[in-house]
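Visitor: Take this structure first; my questions come after.
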Amino acid sequence: MIPFEYKDVHIEAIGRGGIETCYIFPRFQIAFDTGRSPDTLVDIPRIFLTHGHLDHAAGLPYYISQRSLKHLPPPEIYCPSEIVEPLTQILKLWQKMEGFEYEIQLKGIAVHDEVNIQKDLRVRALAAHHRVPARGYAIIRKSKKLKAEFLSRSGREIQKMKERGEDIFEERDIPLFAFSGDSTIEFLMENEEARQATVLFHECTYIDDKRPVSRAREWGHTHLDEILENEALFQNEKIVLTHFSKRYTRRFIHQVLEKKIKNKEFLKRIFILAHDN
Ligand SMILES: [Zn+2]
Ligand SMILES: [Zn+2]
């Protein structure tokens, strides 16, 4: 697992293309994808699956079973609505083989659906484009902002209006974190939340010319060259590139990125989440 920190939020991440993907946010008590179910996942009660490929979801029965054995409350599992049925079937068969019943809540999620995770925090499902039904996700903070017409008023005036119960605030969505899951570059183009998230986790399965853009697109993935072509769209403070093909070593990934990314300001914002295979 690779620890990733942003301010006071700590994330335990695994992002190995074709092998395992799992992002755990202990602070929010949620995770995106189960991967092969790392030990620390078991204590997390809420999972958001991006899609049904085994590198992202194979750990689901194990995770559910481990929670049952530990007498933890039934987990809440969110997944693309298209895979609720096959997942239910698989879980039924595992229950039969294990000889006991799992208590779970499996909920299908459509693009733009939202789930409350804390008083002012929601997870929103985003459109992703892969070879199978897929979702990306964003963690959104709801915050109140003074309406534009009151911006020039003094603090005292604002206070008085507040006391009079006047409607001077409007709700604003702040995307804190966004995840592409497995997707072509359209994830970035179609989702404002992804472009504006403070921290964006974007897949970057292929980076070299041996596996060109056409191949990435054919397999529903993103190539580094497409990320660079769309550099101007990334408004993020941090861009975490992940899900690199297992053919690349960390050293090679660093070398290619240093060479290909001419804009050093852009390079500075990039965090390479890659494992030594
Ligand atoms: Zn994958
Ligand atoms: Zn996939």
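The values are calculated or read from the model by the stated rules, or taken from the named source; none is laboratory data. Computed from a predicted structure; not experimentally measured. All Cβ positions, even for glycine, are placed from backbone atoms using ideal geometry, and neighbour counts span all protein chains on display. Side chains are part of the model used for accessible areas, which takes the heavy atoms of the whole protein and leaves out ligands, DNA and RNA. Shrake-Rupley method; radii C 1.70, N 1.55, O 1.52, S 1.80 Å.
Visitor: Is one or more of the residues making up segment 190-202 closer than 22 Å to LYS259 by Cβ, more than 16 Å from ligand 2 (Cβ to nearest atom), open to solvent by 10 Å² or more (accessible area, probe 1.4 Å) and in contact (Cβ under 8 Å) with a residue 12 or more places away in the chain?
Guide: Within segment 190-202, not a single residue is closer than 22 Å to LYS259 by Cβ, more than 16 Å from ligand 2 (Cβ to nearest atom), open to solvent by 10 Å² or more (accessible area, probe 1.4 Å) and in contact (Cβ under 8 Å) with a residue 12 or more places away in the chain.
Visitor: What residue, among those in segment 2-26 that are away from ligand 1 (no atom under 15 Å from the Cβ) and crowded, with 18+ Cβ neighbours inside 10 Å, is farthest from HIS275 (Cα to Cα)?
Guide: Filtering segment 2-26 for residues that are away from ligand 1 (no atom under 15 Å from the Cβ) and crowded, with 18+ Cβ neighbours inside 10 Å, the one farthest from HIS275 (Cα to Cα) comes out as PHE25.
Visitor: If you don't mind, there's one more thing I want to ask. Pairs only if they're at least six apart or on different chains, beta carbon under 8 angstrom, first in segment 220-245 and more than 22 Å from PRO175 (Cβ to Cβ) and open to solvent by less than 10 Å² (accessible area, probe 1.4 Å), second within 16 Å of ligand 2 (Cβ to nearest atom) and in a helix (DSSP H, G or I); list them, first residue then second.
Guide: HIS223/ARG215; HIS223/ALA216; HIS223/ARG217
Visitor: With of a type in the set (A, V, I, L, M) and touching a helix residue (DSSP H, G or I) at 6+ places or on another chain (Cβ under 7 Å) as the only criterion, which of VAL42, VAL84 stands out?
Guide: It is VAL42.
Visitor: Quick one: is GLN89 surrounded by fewer than 15 Cβ atoms within 10 Å (Cβ to Cβ) and away from ligand 1 (no atom under 16 Å from the Cβ)?
Guide: Answer is yes for this residue.
Visitor: Does segment 61-80 contain any residue that is of a type in the set (Phe, Trp, Tyr) and part of a strand (DSSP E or B)?
Guide: Yes, that holds for at least one residue.
Visitor: Tell me, yes or no, whether segment 76-84 has at least one residue that is within 16 Å of ligand 2 (Cβ to nearest atom) and touching an Asp or Glu at 6+ places or on another chain (Cβ under 9 Å).
Guide: no
Visitor: Could you say whether any residue in segment 51-59 is among the acidic types (Asp, Glu), buried (at least 17 other Cβ atoms within 10 Å of the Cβ) and under 25 Å from GLY15 (Cα atoms)?
Guide: yes
Results for (1) among the charged types (D, E, K, R); (2) within 16 Å of ligand 2 (Cβ to nearest atom); (3) under 25 Å from ALA13 (Cβ atoms), shown as yes or no for each residue.
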{"site": "ILE168", "(1), (2), (3)": "no, no, no"}
{"site": "LEU188", "(1), (2), (3)": "no, no, yes"}
{"site": "CYS204", "(1), (2), (3)": "no, yes, yes"}
{"site": "SER214", "(1), (2), (3)": "no, no, no"}
{"site": "LEU224", "(1), (2), (3)": "no, no, yes"}
{"site": "GLU231", "(1), (2), (3)": "yes, no, yes"}
{"site": "PHE234", "(1), (2), (3)": "no, no, yes"}
{"site": "ARG251", "(1), (2), (3)": "yes, no, yes"}
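Visitor: If you check every pair at least six apart or on different chains, which have Cβ atoms under 6 Å apart with a residue in segment 4-17 that is more than 18 Å from ASP33 (Cβ to Cβ) first and a residue that is among the β-branched types (Val, Ile, Thr) second?
Guide: Matching pairs, first to second residue: TYR6/VAL199.
Visitor: On the given criteria, is PRO80 away from ligand 1 (no atom under 16 Å from the Cβ) and free of Cβ contacts under 8 Å to residues at least 60 places away in the same chain? Walk me through it before giving the result.
Guide: Working: away from ligand 1 (no atom under 16 Å from the Cβ): no; free of Cβ contacts under 8 Å to residues at least 60 places away in the same chain: yes.
In short, no.
Visitor: Further, regarding this structure: So which residues in segment 92-112 are assigned to a loop (DSSP other than H, G, I, E, B) and loosely packed, with under 15 Cβ neighbours inside 10 Å?
Guide: Selection gives GLY99, PHE100, GLU101, GLU103, ALA110, HIS112.
Visitor: Another question, then. Can you run down the residue pairs with Cβ atoms below 8 Å, 6 or more apart or on separate chains, where the first is in segment 132-149 and on the phi < 0 side of the Ramachandran plot and open to solvent by 20 Å² or more (accessible area, probe 1.4 Å) and the partner is assigned to a helix (DSSP H, G or I) and modelled with pLDDT under 95?
Guide: Short answer, once both residue conditions are applied: LEU146/ILE158.
Visitor: Search segment 113-129 for residues being open to solvent by 30 Å² or more (accessible area, probe 1.4 Å) and in a loop (DSSP other than H, G, I, E, B), and hand back the single one that is farthest from ALA194 (Cα to Cα).
Guide: LYS119
Visitor: While we're on this one: Kindly indicate the residue of segment 27-48 that is surrounded by 17 or more Cβ atoms within 10 Å (Cβ to Cβ) and in contact (Cβ under 8 Å) with a residue 40 or more places away in the chain and also farthest from ligand 2 (Cβ to nearest atom) among those meeting that condition. Write out each step before concluding.
Guide: The first filter runs over segment 27-48 and keeps only residues surrounded by 17 or more Cβ atoms within 10 Å (Cβ to Cβ), leaving 28, 30-38, 41-42, 44, 46-48.
Still in the list and also in contact (Cβ under 8 Å) with a residue 40 or more places away in the chain: 28, 30, 32-33, 46, 48.
Values: PHE28: 24, ILE30: 20, PHE32: 13, ASP33: 10, ARG46: 21, PHE48: 15 Å.
Only one residue tops the list, namely PHE28.
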